[in-house]
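Q: Just dropping this structure here.
No lab work stands behind these numbers, since they all come straight from the coordinates. Everything quoted here is computed from the prediction, not taken from an experiment. FYI the Cβ positions are ideal-geometry reconstructions off the backbone, even for glycines, and counts take in every protein chain you see.
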């Protein structure tokens, strides 16, 4: 079922066009990554979807209905959430719940339920000012979920976190996606590949790619063999470019990326070459191109 549809969404700030003619849709029950480099228009897009910015042009339909206040169906966590540091978590969530239209008793029950789910129930009476970055991000997600929205929107949910906090939020998103439709923006491609079902990639405010992750892998993923050495192997790299099983060779410093049509055959031939020529190889890795490789192609257009 289609939850959200965006048609020709445009946002201009004077002569600067931040988002230009953007169209996409989100299906219910999916986790969708909004990808783009810094300045691509991700935050502006999310703010328009959250009714925090008015589009210059275009339309947004929620549950096939246009031109109505659908904020009750959306939970939103901005990239830099702001809290009242003197409040504790339960006070803050109850306040947010009541502002969302919940009764006091419902807000209290929902707050306790979410604090338990998000793993910070033990700190619910602690002042928010003493929370770590990861704890604040969990509290921010709880605030976005307090009114049981149909769509949870997260703007760069892990960009400001250390590796431990980042891993905690990614695991939490994997849990939440089982019951909630999620749209999250990021420029960390590995994170998107780990948790999302669908991808919306924008570049300079315009739609570049939209598809399911599985479809992108099927269409764009290539087998690649990466070889590192103790010395520059540019000359050798040039000698294998014309092999029938090789699609492309990229040589950078002491590393060679070899894109191949038949990975098993290529691996065997390369290992024979390396042995016969006694090349000073330090690393030989067989893998596949990633979402990041596709992203770099888009950005480099």
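Q: Among 173, 135, which comes first, then next, by fewest other beta-carbon atoms within 10 Å? Working shown, then result.
A: Values: 173 22, 135 19.
The fewest-first ordering by Cβ neighbours comes to 135, 173.
Q: Run the numbers on the chain and let me know its relative contact order in percent, using alpha-carbon pairs under 8 Å that are six or more apart.
A: Over the chain, the number comes to 19 percent.
Q: Oh, and also: When the Cα centres of region 274-294 and region 4-70 are compared, how far apart do they sit, in Å?
A: 41
Q: Under a no-solvent Debye model with one identical scatterer per Cα of region 221-299, what's log10 I(q)/I(0) at q = 0.12, 0.14, 0.19, 0.21 Å⁻¹?
A: Calculated log10 I(q)/I(0) at the listed q: -0.32, -0.43, -0.79, -0.96.
Q: For the chain, set up a Gaussian network in which alpha carbons nearer than 10 Å are linked by springs, and say which option among 134, 58, 101 fluctuates the most.
A: The residue with the greatest mean-square fluctuation here is 101.
Q: A further question follows. Just to be sure I understand the model, the point goes 7 Å from the Cα along the line to the Cβ. What's the resulting residue 160 to residue 37 distance in nm?
A: Distance between the two pseudo-spin positions: 2.4 nm.
Q: What spacing in nm lies between the two simple spin-label points modelled at residue 288 and residue 206, each 7 Å away from Cα in the Cβ direction?
A: Roughly 3.0 nm, to one decimal.
Q: Now for a different question. GNM on the chain, C-alpha springs below 10 Å: top fluctuator among 82, 158, 195?
A: 82
Q: Could you tell me the distance between the Cα centroids of region 103-167 and region 233-253, to the nearest Å?
A: Here the two parts' Cα centres lie 50 Å apart.
Q: Percent relative contact order of region 221-299, based on C-alpha pairs within less than 8 angstrom and at least six residues apart? Before the final figure, lay out the partial values.
A: Numbers: 118 pairs, mean separation 34.2, N = 79.
Dividing the mean separation by the residue count of region 221-299 yields 43 percent.
Q: Counting other beta carbons within 10 Å of each residue's own, what order do 1, 87, 201, 153 fall into, fewest first? Provide the component values of the computation, followed by the final result.
A: Values: 1 8, 87 15, 201 22, 153 25.
If I rank by nearby Cβ atoms, fewest first, I get 1, 87, 201, 153.
Q: Here is a follow-up. What residues from region 1-33 fall in the zone where the backbone N is under 14 Å from a label point 7 Å along the Cα-to-C-beta line of residue 150?
A: 1-6, 26-30, by backbone N distance to the label point.
Q: List 110, 68 from most exposed to least, where exposure is judged by having the fewest other Cβ atoms within 10 Å. Show your work: numbers first, answer last.
A: On the way: 110 21, 68 9.
So the ranking, lowest neighbour count to highest, is 68, 110.
Q: Here is a follow-up. Considering every pair of different Cα atoms, what Kirkwood radius, in Å, is found for the chain? The partial results should precede the final answer.
A: Details: mean 1/r = 0.0460 Å⁻¹.
For the chain, inverting the mean 1/r across all distinct Cα pairs yields 21.7 Å.
Q: Sticking with the crude label model, points 7 Å out along Cα→Cβ, report the distance from residue 87 to residue 261 in nm, one decimal please.
A: Going from the residue 87 label point to the residue 261 one covers 6.3 nm.
Q: May I pose another question? Most fluctuating residue of 291, 102, 115 in a GNM of the chain with Cα springs under 10 Å: which is it?
A: Comparing 291, 102, 115 in a Gaussian network model of the chain, the most mobile one is 102.
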